[in-house]
Amino acid sequence: MKLVDQNAVLVLENLRSSGYVSGQRLRSYDLPHTLLAIRYMAEFHALPLALRLLRPKLFREEVLPFFQKFDWHAAAPEWKTVMKAETLEDIRRVTNNDFKLVARVKELSDKFFEFLAADADKPDGPFTSIIHCDFWINNLMFLYGTPIGLKIIDFQTAQYDSVVHDIISFLLSSVDTAILETHFEHMLEAYYEAFVCSLRRVGADLEDHTFKKFREEVKRVAYIQVPHAIFMTRFILADSAVSEAEEFRQLSDVLKNPGSERIGRKLGQILYLAQKFDILY
């Protein structure tokens, strides 16, 4: 693999001066924000996949080597243990110690960290592409009116895997629960339509990218992202006063603080929706 050109120049833009506004993590997205984010996410996923389909040698040699899978928790295994233990305590509280749900969250937590540490060599499925892996409120900036535009930021965890990882973690972590409960299928359909539209626009073959296969991919992968959304909840809903005073909160601070009523309510909602959408098992 060749090194990146050491003489390259990075041109940066201040998105705020162009009218883009960061999301507020304590305010979940409504339907217009969600549908716009879903459309941009689908385009982001579809174009690398189109490159893989149309110019496979270029993709394999000059793109994929820079997006190998990696475990960003591997450097701190002690925090992984604490995170799982504290999460299970939260789940016991919000489910009145429902043995079945607690056991399932424990199992899924183990599977999620196995997923992070899994072999980097992923098969080329019809819905395998470059994914963001951290697609949530803090990493999206909208342009208004309605909203009318979006910028996705912070790509340092991007890697090659199923697009469903981004979809489910975003929906469960960042979208208003009532909106998601009502419009989940519509959101999946909106994603799929934007995805195949992007592939069609560049002349990619759509034979393997049917909606039926997409829903099968959701069923196959989605449960892995349920614990991800659960883990993120403590960070997303951390006390706003402390967060504003400290731009980068220490992991230890978040894990030591017992879950607030707001956090407990959100965790219960995630479990409820995961069961309703048939993605908990």
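The values are calculated or read from the model by the stated rules, or taken from the named source; none is laboratory data. Values in this document were obtained by computation on a predicted structure and should not be read as measured data. Here Cβ is always computed from backbone atoms with ideal geometry, including for glycine, and neighbour counts include all displayed protein chains.
When residue 83 is tested against the conditions (1) under 19 Å from the mean Cα position of the chain (by Cα); (2) closer than 21 Å to residue 162 by Cα, the lone failure is (2). When region 45-62 is filtered for residues that are in contact with a Phe, Trp or Tyr (Cβ under 9 Å, 6 or more places away or on another chain) and either modelled with pLDDT under 95 or closer than 30 Å to residue 146 by Cα (or both), the ones remaining, listed by number, are 45, 46, 48, 49. Give region 14-53 a look and list any residue that's more than 15 Å from the chain's Cα centre (by Cα) and of a type in the set (S, T, N, Q), or say none. Scanning region 14-53 gives 14, 17, 18, 22, 24.
Apart from one condition, residue 197 fits all of (1) in contact with a strand residue (DSSP E or B) (Cβ under 7 Å, 6 or more places away or on another chain); (2) under 30 Å from residue 56 (Cβ atoms); (3) modelled with pLDDT of 95 or more; the exception is (1).
So is residue 174 more than 24 Å from residue 51 (Cα to Cα), touching a strand residue (DSSP E or B) at 6+ places or on another chain (Cβ under 6 Å) and among the small types (Gly, Ala, Ser) or not? So residue 174 passes the test. You will find that of 44, 70, the residue that is assigned to a helix (DSSP H, G or I) and under 21 Å from residue 163 (Cα atoms) is 44 and no other. Scanning region 65-87 turns up no residue that is under 21 Å from residue 43 (Cα atoms) and of a type in the set (Asp, Glu). Each residue in region 122-151 was checked for being closer than 13 Å to residue 40 by Cβ, outside any helix (DSSP H, G or I) and under 12 Å from the mean Cα position of the chain (by Cα), and 3 of them qualify. The test for being farther than 25 Å from residue 211 by Cα, of a type outside the set (Gly, Ala, Ser) and modelled with pLDDT of 90 or more holds for residue 94. Within region 237-252, restricting attention to residues that are surrounded by 13 or more Cβ atoms within 10 Å (Cβ to Cβ) and in a helix (DSSP H, G or I), the residue that is modelled with the lowest pLDDT is 243.
Let's see how each residue does on (1) part of a helix (DSSP H, G or I); (2) surrounded by fewer than 19 Cβ atoms within 10 Å (Cβ to Cβ); (3) free of Cβ contacts under 8 Å to residues at least 40 places away in the same chain; (4) out of contact with any strand residue (DSSP E or B) (no Cβ under 7 Å at 6 or more places or on another chain):
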{"position": "182", "(1), (2), (3), (4)": "yes, yes, yes, yes"}
{"position": "187", "(1), (2), (3), (4)": "yes, no, no, yes"}
{"position": "206", "(1), (2), (3), (4)": "no, yes, yes, yes"}
{"position": "212", "(1), (2), (3), (4)": "yes, yes, yes, yes"}
{"position": "221", "(1), (2), (3), (4)": "yes, no, no, no"}
{"position": "224", "(1), (2), (3), (4)": "yes, no, no, yes"}
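In region 21-33 there is at least one residue that is closer than 24 Å to residue 274 by Cβ, of a type in the set (A, V, I, L, M) and touching a residue at least 24 places away in the same chain (Cβ under 8 Å). From the list 161, 166, the lone residue that is charged (D, E, K, R), touching a strand residue (DSSP E or B) at 6+ places or on another chain (Cβ under 8 Å), assigned to a strand (DSSP E or B) and within 30 Å of residue 207 (Cβ to Cβ) is 161.
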